[in-house]
């Protein structure tokens, strides 16, 4: 799937503003970052509400059908969490904006958007963690089914049904 993302220069500016907001809590930095992203996609900035925690501390952000975004404030993100880094908070913000921009609840699409927004910014974020989790879940069973292999192949446009066929007994030659 191809995604249109802002240029690296614009993404760096957004990243700089989000980093500043994470450390200083100035609302103007966050609003400016959101307006830069929304201006690129010609959308109006979403209303964002801040919370101490979401889903009993398990969630970090939530996007609703009416466009509202609920996020855990960085001040609360820093305490009481096992994983409380600035990079993860910024990734969460991008993830929720991905839901808002693409207006979908597909987690994969929002994850790809967040990874794309952070790529080339020196965070060393790539899609490896997402792919590793996906493959770990897939191969958690003893042997992947044909259907799962077919789905992965379609996603990557690499599927070839010949790969899944087993050689017939006449095709096997003993040496």
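Annotations for the structure displayed:
- Residue match in the range 24-44 (condition: more than 17 Å from residue 122 (Cβ to Cβ), out of contact with any helix residue (DSSP H, G or I) (no Cβ under 7 Å at 6 or more places or on another chain) and buried (at least 17 other Cβ atoms within 10 Å of the Cβ)): yes
- When the range 39-65 is filtered for residues that are without any contact (Cβ under 8 Å) to a residue 24 or more places away in the chain, assigned to a helix (DSSP H, G or I) and at negative phi, only 39 remains.
- Top-ranked residue in the range 61-80 [being buried (at least 20 other Cβ atoms within 10 Å of the Cβ) and out of contact with any strand residue (DSSP E or B) (no Cβ under 8 Å at 6 or more places or on another chain); ranked as nearest to residue 45 (Cα to Cα)]: 74
- Search result, residues across the range 1-22 that are in contact (Cβ under 8 Å) with a residue 24 or more places away in the chain and not in a loop (DSSP other than H, G, I, E, B): 8, 10, 11, 12, 14, 15, 18, 19, 21, 22
All of the numbers you see were taken from the coordinates with simple rules; none came from a lab. None of the values given here were measured: they were computed from a predicted structure. When we count neighbours, we look across all protein chains shown, and the Cβ atoms used for this are built from the backbone with ideal geometry, even at glycine.
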